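Colleague: Here's a structure for you.
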Amino acid sequence: MTDLSPDAFHPRGAAGVGRVGRVGQRAYAGGGALQDEPPSEVSQWSQWARSVDHVSILICVALFCIGVVLAFAASPALAESNQTSPFYYAWRHLIFGAPAFVLLFTISFFSPSAVRRLAVFATFAGLVALALLPLYGTDFDQGGTRWYALPGLGSLQPSEFLKPALIVTCAWLLSASSGVDRGSNARDQGLGPAGAGASLALLATAAALLVIQPDYGQTALILVVWAAMYFVSGASLVTLAALALCAFVGAIIAFQVEPHIAYRVTAFWEEGGAPPQQLLDARQAMINGGWFGVGPGDGVNKLTLAEANSDFIFAVAIEEYGFALGVLLVVLFSFITLNALWRLRRVEAAFPRLAGIGLALLFGLQAFVNMAVTVQLLPAKGMTLPFISYGGSSLIGIGLTMGMLLALTRRRLLDETRRF
Amino acid sequence: MSFTRLKLRQERPVRDRSASLGGRRLLCLGAVFALSMGAVGLQLAELAGQKRVVAFVEAPAETSTKRGPRRDVVDRNGLPLALSVPTFELDLDTRLLRSEKERDEAAIRLAELLPTVSEEDIRREIALGAIDGNAKTRPIERPISPRLAQAAHDLGIPAISLTQRYDRRYVAGRATSHLLGYTDIDGVGQAGLEAGLENRLQQPASAGPLRLSVDMRLQTLVHDVLSRGVAAFDAEGAVGLIMDARTGEMLAMASLPDFDPGERPTKADIENKERSRFFPRAAKGLYELGSVFKIFTWALAFEMGLADPDEVLDPPKSFSIAGRPISDLHPIREPVTVAEAFAQSSNIVAAQLMLEAGAPAQRRFFRALGFDAPTGLEMIEAGGARPVWADNWGDAATATAAYGHSISVTPTHLAAAVATILNEGRQVTPTLLAKDPNAEQPPQRSVISPRTSHLMRRVMRLAVTEGSGRSADVFGLAVGGKTGTAEQFASAAGGYVDENVIASFVAAFPVHDPRYLVLVSFDQAEDRSGPEPVRVAGRTAAPVAAEIIARAAPLLRIVPEK
């Protein structure tokens, strides 16, 4: 029933644990291992230090540093047009990093149940905030009422916080009806629709509120992540296909209703169509960058590229540092997601497993969509590049996402993975 | 649904078949994600491998045809006439001026730096750049020196762009303006030698400078004397040239009116055609040059044995051919020798001699003298200048052409033909390129016999000592020459007009062994020093030619002889 392979007892990630003794080594073996007594003498700090995904934390810090460097290159143009000092936005990016990383580290200490509580609370708060947006929100003339203006502080985009919380809450609900512990007694084993249905209802509510803004990009993102979680939780492929059909119909409706979506999609598909200037500029920037870039600060296309410091910062990165940095970013983002999935493979309990998968995919997909749009593999859709794009809400939301993900991917005692 | 049940369920561990299913689905998800990211990586590589295009630069024609320096042009002594100097064009990329502060800074600091550009000029260009549809890169000043360009670069304003070019500088200024011509902004020759020798001047700088036959001292001298002549006689225009009478090398060649090498033809200049200051009269202007053509008439008569210099004639007082009267300015009242008739410039004698020679011989002779083709001078304008004379050539034409009417040639044609007559009869081809005196020259075709050539030297000397060209005599230099005062046919007036006169003097010195040929020609010159304005060449072109000869001779190391 459990994994007793030597690998499970000698995890690579728990270096130094050996000194604590056989007990400790076993205790912190990879997720699914059968354990002895929990080592009570180990402090909470060292527990965290031994169990957390160090590499991912390092990558997050590295990504943020890259983001700061790029912000100094990409944001002066925006600062000029908004009549502020050239590095205003770069400094703000740096300052927003503090709460984001405080959040990331704090939450990474949480147990899965604490993560769940936080997520459920944040989901309700987020839904209320989202629902009130049409009344109190502002659109900053950017097509979409997505923000609360906070005098003196800037703005707040509730959907950035709602996304991870909603995913975790849905994972919790899905895990209740999870097929992974399907047994002989259907009632007892929770085949009942309660969990999945409730999560779908919650998802639909959030999606509806996002469409009202409208924010089709975020809507699509949470739908895809939810579908992935549902898929892993053991959903029948027939149900999935039915849901996919619904999503397809929804997409067609969106295409018909929203001219800008139709424009972006046709501009992407049609050969010789007129792509938006933004995409042309981005393409120009990336070609100009070549393999190793034109050098720090020497990019020129960034000056005319719209949203250079947020949605299209990837193009700025490539113009100045070339293919080399582009591929490095792809590898780093991929690593965080794939490494999380790899660690979650060993987690047996349904909730942390599903929630972790959801958060990892939310993070990875957001990065993927941003980069794929920039390199023009996908139609234009505004989405921030985690840790790198400018945006306080986005940065703090990513801190929340990664904090919860790190909390869920920590190596735990088997007891903890079962009861939390 | 109770939360207790929810909690119990979610705590159940993954197990058995379901566990492996969930595990496989998870792997499947990871694989799809990894592949998607891989696609991004591939697309990145595809973009990185594409040919880099220079961002922001709207490749203007100037940059696309950017060339290296054009070859320098030097005179026969190696003195520079046309130089390629590195200069810069200063432009402002208005897209890089993103705030009012930057625009102010650029305008104020550039105006401080550039002596010729005002702050208002720069602000106007910046404003123009902001208008949709206008070029975003605005020209501010060109050319500027490399030092000024460095100073502009050091301002550290990213919007300033500096493009290096090679500008043409003409050392002698106006004196060589027609001769050398000019280039366009891309350094492509547009006029004069610059255009005529385009291929040679485009050769890499390693080919060394291009050496002309022109002597800059003589060129400026001729230009100077001619300019003063034009001012003194209030002439419309003038041509002056000095040619090596043996090799055909042009030592100086000037046309007036002229232009500053920095000027370019305006619309009015183009409409003015032959009256334009951009019209190189010496190489391109076709004129009926009048009595100077008697040189050819007398030469043909001597060559055909129709006359001897000392043979005495008693020409009729009046003469008409085909109903057209021919008269002399100074009617001959007593018998004269053939040489004296030349010196006194008798039209009647000229007509009679030529009628005796006959039209076929005359036409053959004109062709042999090169009046059937452009001169071959290297200036681009010379290429199209083919002499004009009728195909149906009656007695009237034969007679009038004997004294230089009914046929229009360029001054260069005339100079070359006279040089041929005096150069032992061997054909002289005019050129503006220096000939290597040590190199073997191609044999010159013989047009007339040396004897005829020697006779012509005699009669031309007589025209200066006793005839119409007396004012051209320079003490000790043995100048020989011939005047020509030709009324021009003006279609507007419907005939030949008294005031519209081209007065020419063609001279050679020392005439017993001609080394140099000088031609001076004025368009509508009037000597107003007397009570009546006088337009004859003896009073206008001849004294100017004398001035040129007197001043040029020392430079040519020809010393006066007793």
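The values are calculated or read from the model by the stated rules, or taken from the named source; none is laboratory data. Note that the coordinates shown come from a computational prediction; the quantities given were computed from them, not determined experimentally. Note that we place each Cβ from the backbone using ideal geometry, even for glycine, and neighbour counts take in every protein chain shown.
Colleague: In segment A:144-199, how many are touching a helix residue (DSSP H, G or I) at 6+ places or on another chain (Cβ under 7 Å), at pLDDT below 70 and more than 25 Å from B:LEU26 (Cβ to Cβ)?
Modeller: Here the count works out to 0.
Colleague: Could you check segment B:536-562 and list, in sequence order, the residues that are within 24 Å of B:GLU466 (Cβ to Cβ) and exposed (fewer than 13 other Cβ atoms within 10 Å of the Cβ)?
Modeller: Listed by number, the residues that qualify are B:GLU561, B:LYS562.
Colleague: Quick one: count up the residues across segment A:220-238 that are surrounded by 19 or more Cβ atoms within 10 Å (Cβ to Cβ), within 11 Å of chain B (Cβ to nearest Cβ) and assigned to a helix (DSSP H, G or I).
Modeller: Within segment A:220-238, the first condition is being surrounded by 19 or more Cβ atoms within 10 Å (Cβ to Cβ), and the residues that meet it are A:220-223, A:225-226, A:228-235.
Now restrict to residues that are within 11 Å of chain B (Cβ to nearest Cβ): A:225, A:228-235.
Now restrict to residues that are assigned to a helix (DSSP H, G or I): A:225, A:228-232.
Of the residues in segment A:220-238, 6 are surrounded by 19 or more Cβ atoms within 10 Å (Cβ to Cβ), within 11 Å of chain B (Cβ to nearest Cβ) and assigned to a helix (DSSP H, G or I).
Colleague: Give segment B:332-371 a look and list any residue that's buried (at least 22 other Cβ atoms within 10 Å of the Cβ), over 19 Å from B:GLY305 (Cβ atoms) and without any contact (Cβ under 8 Å) to a residue 40 or more places away in the chain, or say none.
Modeller: Listed by number, the residues that qualify are B:SER346, B:ILE348.
Colleague: If you don't mind, there's one more thing I want to ask. Quick one: in segment A:319-338, of everything that is within 17 Å of the chain's Cα centre (by Cα) and at the interface with another protein chain (Cβ under 10 Å from one of its Cβ atoms), which residue is nearest to B:VAL40 (Cα to Cα)?
Modeller: The qualifying residue nearest to B:VAL40 (Cα to Cα) is A:VAL330.
Colleague: For segment A:148-175, give me each residue that is among the polar types (S, T, N, Q), more than 14 Å from chain B (Cβ to nearest Cβ) and either closer than 17 Å to A:PHE231 by Cβ or buried (at least 23 other Cβ atoms within 10 Å of the Cβ) (or both).
Modeller: Correct list: A:GLN157, A:SER159.
Colleague: For B:GLY248, all conditions in the list (1) closer than 28 Å to B:GLY467 by Cα; (2) touching a Leu at 6+ places or on another chain (Cβ under 8 Å) hold save one; what is the number of the exception?
Modeller: Looking at each condition in turn, B:GLY248 falls short on (2).
Colleague: Filter segment B:392-433 down to the residues that are in contact with an Asp or Glu (Cβ under 7 Å, 6 or more places away or on another chain) and part of a loop (DSSP other than H, G, I, E, B), then identify the one that is farthest from B:LEU79 (Cα to Cα).
Modeller: B:HIS405
Colleague: Which count do you get for residues in segment B:79-123 that are of a type outside the set (D, E, K, R), outside any loop (DSSP other than H, G, I, E, B) and closer than 30 Å to B:ALA175 by Cβ? Break it down stepwise before answering.
Modeller: First, the residues of segment B:79-123 that are of a type outside the set (D, E, K, R): B:79-88, B:90, B:92, B:94, B:96-97, B:99, B:106-108, B:110-111, B:113-118, B:122.
When the remaining residues are screened for being outside any loop (DSSP other than H, G, I, E, B), the result is B:80-88, B:90, B:92, B:94, B:96, B:106-108, B:110-111, B:113, B:122.
In the following step, the residues that additionally are closer than 30 Å to B:ALA175 by Cβ were identified as B:80-88.
Result for segment B:79-123: 9.
Colleague: Only one of A:GLY356, A:GLY392, A:GLY403, A:GLY397 is within 22 Å of A:LEU118 (Cα to Cα), touching a residue at least 40 places away in the same chain (Cβ under 8 Å), touching a strand residue (DSSP E or B) at 6+ places or on another chain (Cβ under 9 Å) and more than 9 Å from chain B (Cβ to nearest Cβ); which? Don't jump to the end; show me each part of the working.
Modeller: Numbers: A:GLY356 fails: touching a strand residue (DSSP E or B) at 6+ places or on another chain (Cβ under 9 Å); A:GLY403 fails: touching a strand residue (DSSP E or B) at 6+ places or on another chain (Cβ under 9 Å); A:GLY397 fails: touching a strand residue (DSSP E or B) at 6+ places or on another chain (Cβ under 9 Å).
The conditions single out A:GLY392.
Colleague: Any chance you could count how many residues in segment B:267-281 are in a helix (DSSP H, G or I), of a type in the set (Gly, Ala, Ser) and surrounded by 12 or more Cβ atoms within 10 Å (Cβ to Cβ)?
Modeller: First, the residues of segment B:267-281 that are in a helix (DSSP H, G or I): B:267-275, B:281.
This time we only want the ones that are of a type in the set (Gly, Ala, Ser), so: B:268.
Add one more test, that the residue is surrounded by 12 or more Cβ atoms within 10 Å (Cβ to Cβ), and what stays is none.
Adding up the residues that qualify gives 0.
Colleague: Looking at (1) surrounded by fewer than 18 Cβ atoms within 10 Å (Cβ to Cβ); (2) more than 11 Å from chain A (Cβ to nearest Cβ); (3) modelled with pLDDT of 55 or more; (4) not in a helix (DSSP H, G or I), which one does B:GLN50 not meet, given that it meets all the others?
Modeller: With (1) surrounded by fewer than 18 Cβ atoms within 10 Å (Cβ to Cβ); (2) more than 11 Å from chain A (Cβ to nearest Cβ); (3) modelled with pLDDT of 55 or more; (4) not in a helix (DSSP H, G or I) applied to B:GLN50, the lone miss is (2).
Colleague: Within segment A:344-355, take every residue that is in contact with a Lys or Arg (Cβ under 8 Å, 6 or more places away or on another chain), assigned to a helix (DSSP H, G or I) and not aromatic (Phe, Trp, Tyr) and give me the one that is nearest to A:CYS170 (Cα to Cα).
Modeller: Within segment A:344-355, the subset in contact with a Lys or Arg (Cβ under 8 Å, 6 or more places away or on another chain) is A:344, A:347-351, A:355.
When the remaining residues are screened for being assigned to a helix (DSSP H, G or I), the result is A:344, A:350-351, A:355.
Those left that are additionally not aromatic (Phe, Trp, Tyr): A:344, A:350, A:355.
On the way: A:LEU344: 17, A:ALA350: 12, A:ALA355: 8 Å.
Selected residue: A:ALA355.
Colleague: Ok, one more. Pick out the one residue from B:ARG76, B:ARG67 that is modelled with pLDDT of 85 or more, more than 7 Å from chain A (Cβ to nearest Cβ) and in a loop (DSSP other than H, G, I, E, B). Step through it out loud before you land on a result.
Modeller: Numbers: B:ARG67 fails: modelled with pLDDT of 85 or more.
That would be B:ARG76, the only listed residue that is modelled with pLDDT of 85 or more, more than 7 Å from chain A (Cβ to nearest Cβ) and in a loop (DSSP other than H, G, I, E, B).
Colleague: On the given criteria, is B:PRO533 free of Cβ contacts under 8 Å to residues at least 12 places away in the same chain, surrounded by fewer than 24 Cβ atoms within 10 Å (Cβ to Cβ) and closer than 16 Å to B:PHE233 by Cβ?
Modeller: Working: free of Cβ contacts under 8 Å to residues at least 12 places away in the same chain: yes; surrounded by fewer than 24 Cβ atoms within 10 Å (Cβ to Cβ): yes; closer than 16 Å to B:PHE233 by Cβ: yes.
Spelling it out, B:PRO533 is indeed free of Cβ contacts under 8 Å to residues at least 12 places away in the same chain, surrounded by fewer than 24 Cβ atoms within 10 Å (Cβ to Cβ) and closer than 16 Å to B:PHE233 by Cβ.
Colleague: Can you find, within segment B:496-547, the residue that is farthest from the chain's Cα centre (by Cα) among those that are charged (D, E, K, R) and more than 20 Å from B:PRO257 (Cα to Cα)?
Modeller: Within segment B:496-547, the subset charged (D, E, K, R) is B:498-499, B:513, B:515, B:523, B:526-528, B:532, B:535, B:539, B:547.
Imposing the further condition that a residue be more than 20 Å from B:PRO257 (Cα to Cα) reduces the set to B:498, B:513, B:515, B:528, B:532, B:539.
On the way: B:ASP498: 31, B:ASP513: 31, B:ARG515: 26, B:ARG528: 32, B:GLU532: 37, B:ARG539: 29 Å.
That would be B:GLU532.
Colleague: Evaluate the following for B:ASP258: is it touching a residue at least 40 places away in the same chain (Cβ under 8 Å) and not in a strand (DSSP E or B)?
Modeller: Details: touching a residue at least 40 places away in the same chain (Cβ under 8 Å): yes; not in a strand (DSSP E or B): yes.
When the stated conditions are applied, B:ASP258 passes them.
Colleague: Something else about it: Touching a residue at least 12 places away in the same chain (Cβ under 8 Å), within 21 Å of A:LEU325 (Cα to Cα) and among the hydrophobic types (A, V, I, L, M, F, W, C): which single residue out of A:LEU118, A:LEU63, A:LEU58, A:LEU104 fits that description?
Modeller: Values: A:LEU118 fails: within 21 Å of A:LEU325 (Cα to Cα); A:LEU58 fails: touching a residue at least 12 places away in the same chain (Cβ under 8 Å); A:LEU104 fails: within 21 Å of A:LEU325 (Cα to Cα).
On inspection, the qualifying residue turns out to be A:LEU63.
Colleague: Is it true that B:THR400 is among the polar types (S, T, N, Q), within 25 Å of the chain's Cα centre (by Cα) and under 23 Å from B:GLU303 (Cα atoms)? Don't jump to the end; show me each part of the working.
Modeller: Values: among the polar types (S, T, N, Q): yes; within 25 Å of the chain's Cα centre (by Cα): no; under 23 Å from B:GLU303 (Cα atoms): yes.
Considered against the rule, which asks whether it is among the polar types (S, T, N, Q), within 25 Å of the chain's Cα centre (by Cα) and under 23 Å from B:GLU303 (Cα atoms), B:THR400 comes out as no.
Colleague: Name the pairs whose Cβ atoms lie under 8 Å apart, with the first residue in segment A:275-293 and within 10 Å of another protein chain (Cβ to nearest Cβ) and farther than 11 Å from A:ALA306 by Cβ, the second of a type in the set (Val, Ile, Thr) and part of a helix (DSSP H, G or I), and 6 or more positions between them or separate chains?
Modeller: If the second residue must be of a type in the set (Val, Ile, Thr) and part of a helix (DSSP H, G or I), the pairs left are A:ALA285/A:VAL316; A:ALA285/A:ILE318; A:MET286/A:ILE318; A:MET286/A:THR374; A:GLY289/A:ILE318; A:GLY293/A:ILE318.
Colleague: Test of understanding: among B:ALA419, B:ALA390, B:ALA396, B:ALA415, which residue is closer than 28 Å to B:ILE380 by Cβ and surrounded by fewer than 20 Cβ atoms within 10 Å (Cβ to Cβ)?
Modeller: Values: B:ALA419 fails: surrounded by fewer than 20 Cβ atoms within 10 Å (Cβ to Cβ); B:ALA396 fails: closer than 28 Å to B:ILE380 by Cβ; B:ALA415 fails: surrounded by fewer than 20 Cβ atoms within 10 Å (Cβ to Cβ).
Going through B:ALA419, B:ALA390, B:ALA396, B:ALA415 in turn, the sole match is B:ALA390.
Colleague: I'd like the residue in segment A:359-389 that is farther than 26 Å from A:SER113 by Cα, among the small types (Gly, Ala, Ser) and touching a Phe, Trp or Tyr at 6+ places or on another chain (Cβ under 8 Å) and, out of all such residues, is farthest from the other protein chains (Cβ to nearest Cβ).
Modeller: Step by step, filter segment A:359-389, then rank; the result is A:ALA380.
Colleague: Could you grab me the full set of residues in segment A:295-318 that are assigned to a helix (DSSP H, G or I) and either farther than 21 Å from A:GLN366 by Cα or within 10 Å of chain B (Cβ to nearest Cβ) (or both)? If you could, list the steps in order and put the result at the bottom.
Modeller: Just the residues of segment A:295-318 that are assigned to a helix (DSSP H, G or I), to begin with: A:301-303, A:313-318.
Listed by number, the residues that qualify are A:ASN301, A:LYS302, A:LEU303, A:PHE314, A:ALA315, A:ILE318.
Colleague: Residue check: is B:ASP314 free of Cβ contacts under 8 Å to residues at least 24 places away in the same chain and out of contact with any Phe, Trp or Tyr (no Cβ under 9 Å at 6 or more places or on another chain)? Lay out the reasoning, then the answer.
Modeller: Working: free of Cβ contacts under 8 Å to residues at least 24 places away in the same chain: yes; out of contact with any Phe, Trp or Tyr (no Cβ under 9 Å at 6 or more places or on another chain): yes.
Spelling it out, B:ASP314 is indeed free of Cβ contacts under 8 Å to residues at least 24 places away in the same chain and out of contact with any Phe, Trp or Tyr (no Cβ under 9 Å at 6 or more places or on another chain).
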